[in-house]
Amino acid sequence: MKPSVETHNLTVIYDKKPAIWNIDFTLPTGKIIGIMGPNGSGKSTLLKAIMGIIEPNIGYSKVFDQDLEDVRNKVSYVPQRQSVDWDFPASVWDVVAMGRYATKGLFKRLTKEDHRMIEESLSKVNMTPFTNRQISQLSGGQQQRVFLARALAQNADLYLMDEPFVGVDAATEQAIITLLKSMRDAGKTLLVVHHDLLTAQDYFEHMVLLNSRLVAEGPTSEVFTKDILTETYGGTLTTLSKVANVLQEKDFPMRHK
Amino acid sequence: MIDFWIILTASLVATTTAILGCFLIMRKMAMIGDAISHAVLPGIVIAYYISHSRASLPILVGAAASGMVVTYLIQFFNQKVKLQQDASIGISYTFLFAIGIILISLFSGNVDLDQDCVLYGEIAYVPLDHMSIAGHYAGPRQVWILGSTLIIILTSVIIAYRKLVLTTFDPAFASAMGISVVLWQYYLMAGVSLTTVVSFESVGAVLVIAFLSGPAATAFLLTKDFKKMIYLAVGFGISASILGYYTAVWLAGSIAGAIATVIGLQFAIAFIYIQFVRKAHISQTLENKALTEV
């Protein structure tokens, strides 16, 4: 099977301090893959480096065994929700439509097929009733759904999502994970930056554990262990005690109330 | 006829700047017009020094060149040095403006050049400098220059509209899609540079800045649709030109000053209006809620 994403010695340095250091991995396709690590461990930087938004200082990455430039229309990126100004005068439809025309030339118009994809994407995230709503009037969870709809409209094979579960209500979180699973079942690969250790085991089959350098990468059952998590999260006590709790309950899968 | 030419001149500037202003305020760069209109000074002085004339073209080229330099500096300080946008704008344009002043003082002994004659246009004089085609009166020269600028800017914005909106709203996503955010930033800034330079020659720097930020800000208050925001901003710009001109005639005062004042008043009225609408909306909602609860 072709790898989805591979990185070789990927290093990004901000102000002489490495944000990510010598990251080397090869990820499988068709899985929901979590990128976990403490704050400032370079999770977002890793995604941005893979997407070419940040030029790595050393190293390179490949997507589906090719340069990103050649497979750009098969890859979709979902930025952090807070990274844009939601007061921008646009409707839900306008934002989702960006997913269709982002890779079109200057003079190409949206076709019937484009319109169908936009509508279908909106209905997959249950946002159809809000199609004409101004984006400034959306809740956090709805904003996240709009971003996901925009990504769906791109009909990519690989999705890179930066913290899609931050600041959304429990119902939206469930709706999103259900959606991600159905995308996975349709053969898509999802690379998701996440920081909640409590839900990580339920959400991801495969994990990348990051603390500027790569701590571990592999199937969740192999890498989500006390030793590796301690190494990843270092001495942050509160997090560690949470980890201990999670590990104790390991044999009893977490259920959401 | 003089009335007509002055209002037309102001309206042409208003239209061009309002279109660009909508993009600028959404990029939190409204003050870039202020920066460019000052930073062009060294370019103008150097162009004058080289060409030894005050003809429009060399001056325009010099001005546009230093306009791009300040754009580059702002971009550089903001992106590479990680300085805040406003600080980047402040440090870049004051530096270039200061160089311009030093250059002027160096040459001032033997050169007929001072800031007033290059920097600050006076709209009332526009009809005096007219053109003739084949011996026929063809209107003021500035109207032709500003008209061409409007056509250039309008075409450029229409062609690149989606890229400009996308890179304004979500640069990270645009960049992930392989769209060069920096390229479109320069594309927009080249437009702002050109517009600022040709406009302040005829209407003065302060009015250009007022036109770049005011109508777009007023329109932003009133609509949540970016295209409508552009149309509204153009409408506010043109109506401010007309109202401002007649206010100035009535008060026998400065035309640019009166137009800029009307722009400010438009914003104030729009602000009060939306406060009123919001209050009405809230009390309406509360009333509906009370009714359904009963």
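Derivation of every value follows stated rules applied to the coordinates shown; laboratory data play no part. All values derive from a computational prediction rather than experimental measurement. FYI the Cβ positions are ideal-geometry reconstructions off the backbone, even for glycines, and counts take in every protein chain you see.
Contact order, relative form, for chain B: 28 percent (alpha carbon pairs under 8 Å, 6 or more residues apart, mean separation divided by residue count).
In a shell of Cβ-Cβ distance under 11 Å around A:Leu68, excluding A:Leu68 itself, what net charge do Lys and Arg (+1) and Asp and Glu (-1) give?
0
Annotation: amide H-H contacts under 5 Å for A:Gly167 (H modelled 1.01 Å from N, sequence separation of 5 or more, or interchain): none.
For helix B:85-107, what angle does its Cα long axis make with the longest principal axis of chain B, in degrees from 0 to 90 and rounded to 10? The helix B:85-107 is inclined about 20 degrees to chain B. Starting from one equal scatterer on each C-alpha and no solvent at all, send me the Debye-based log10 I(q)/I(0) for chain B at q = 0.10, 0.14, 0.15, 0.16 Å⁻¹, two decimals. Ignoring solvent entirely, the Cα scatterers give -0.59, -1.06, -1.19, -1.31. The Rg/Rh ratio of the stretch B:127-284, with Rg taken over Cα atoms and Rh as the Kirkwood radius over Cα pairs, comes to 1.05.
Shielding of peptide B:225-234 by partners, expressed as the average count of other chain Cβ atoms within 10 Å per residue Cβ, is 2. Working ranking of peptides B:183-192, B:14-23 by packing, defined as the average number of other Cβ atoms within 10 Å per residue, highest first, is B:14-23, B:183-192. Computed over the alpha-carbon pairs of the stretch A:56-201, the distance histogram in 10 Å steps reads 11, 40, 36, 13, 1 percent, short to long.
For the set A:Lys17/B:Lys80; A:Lys43/A:Lys124; A:Lys108/B:Lys228; A:Lys124/A:Lys188; B:Lys163/B:Lys227; A:Lys2/A:Lys74, the pairs lying more than 18 angstrom apart at their alpha carbons are A:Lys43/A:Lys124; A:Lys108/B:Lys228.
Both radii were evaluated on the Cα set of the protein assembly as shown; the Rg over Rh quotient, with Rh as the Kirkwood radius, amounts to 1.05. Here the 3J(HN,Hα) profile of the stretch B:235-245, calculated from phi with Karplus coefficients 6.51, -1.76 and 1.60 at θ = phi - 60°, is x, 5, x, 5, 5, 5, 4, 5, 4, x, 4 Hz, Gly and Pro shown as x. For chain B, the longest principal axis of the alpha carbon atoms and the long axis of helix B:56-79 meet at an angle near 50°.
Taking each residue of B:146-155 in turn, how many C-beta atoms of other protein chains fall within 10 Å of its C-beta, and what is the average?
Working: counts 0, 0, 0, 0, 0, 0, 0, 0, 0, 0.
Across the residues of B:146-155, the mean count of other-chain Cβ atoms within 10 Å is 0.
Apply the a/c threshold of 1.5 to the C-alpha gyration tensor of the stretch A:144-199 and tell me whether it is rounded, prolate or oblate. Prolate.
Derived scalar couplings between HN and Hα for the stretch A:106-114 equal 4, 9, 7, 8, 6, 8, 4, 4, 4 Hz in order, rounded to whole Hz, by the Karplus curve 6.51 cos²θ - 1.76 cosθ + 1.60 (θ = phi - 60°), x for Gly and Pro. If you wrap the Cα atoms of chain A in a convex hull and average its projected area over all directions, you get 14.9 nm². Looking at the protein assembly as shown, the DSSP beta bridges with both ends there are about 55 percent antiparallel. Shielding value for B:174-184 is 5, the average number of Cβ atoms from other chains within 10 Å of each residue's Cβ.
Is the stretch B:162-228 best put as rounded, prolate or oblate by its Cα gyration tensor, with a ≥ b ≥ c the root eigenvalues, rounded for a/c under 1.5, and otherwise prolate when a/b is larger than b/c, oblate when not?
Note, shape of the stretch B:162-228 comes out oblate.
With respect to chain B, whose longest principal axis is taken over its alpha-carbon atoms, helix B:205-222 is tilted by about 10°.
Using the Cβ of B:Lys224 as centre and a radius below 15 Å, the other residues enclosed give a net charge of 0, where K and R count +1 and D and E count -1.
Working note: Karplus 6.51/-1.76/1.60 with θ = phi - 60° gives the stretch A:72-81 the couplings 3, 6, 9, 10, 10, 10, 10, x, 4, 4 Hz, where Gly and Pro are set to x.
Computed packing ranks the peptides B:203-210, A:62-69 as B:203-210, A:62-69, most packed first, by mean other Cβ atoms within 10 Å.
Around A:Phe25, under 9 Å between beta carbons, what's the net of Lys plus Arg minus Asp minus Glu among the other residues? Cβ neighbours under 9 Å give a net charge of -3.
I need the shape label for the stretch A:109-159. Rule: rounded when a/c is under 1.5, else prolate if a/b > b/c, else oblate, with a, b, c from the alpha carbon gyration tensor. Here the stretch A:109-159 falls in the oblate category. As a rough guide to protection, the peptides A:103-113, A:7-17 ranked by mean Cβ packing within 10 Å, highest first, stand as A:7-17, A:103-113.
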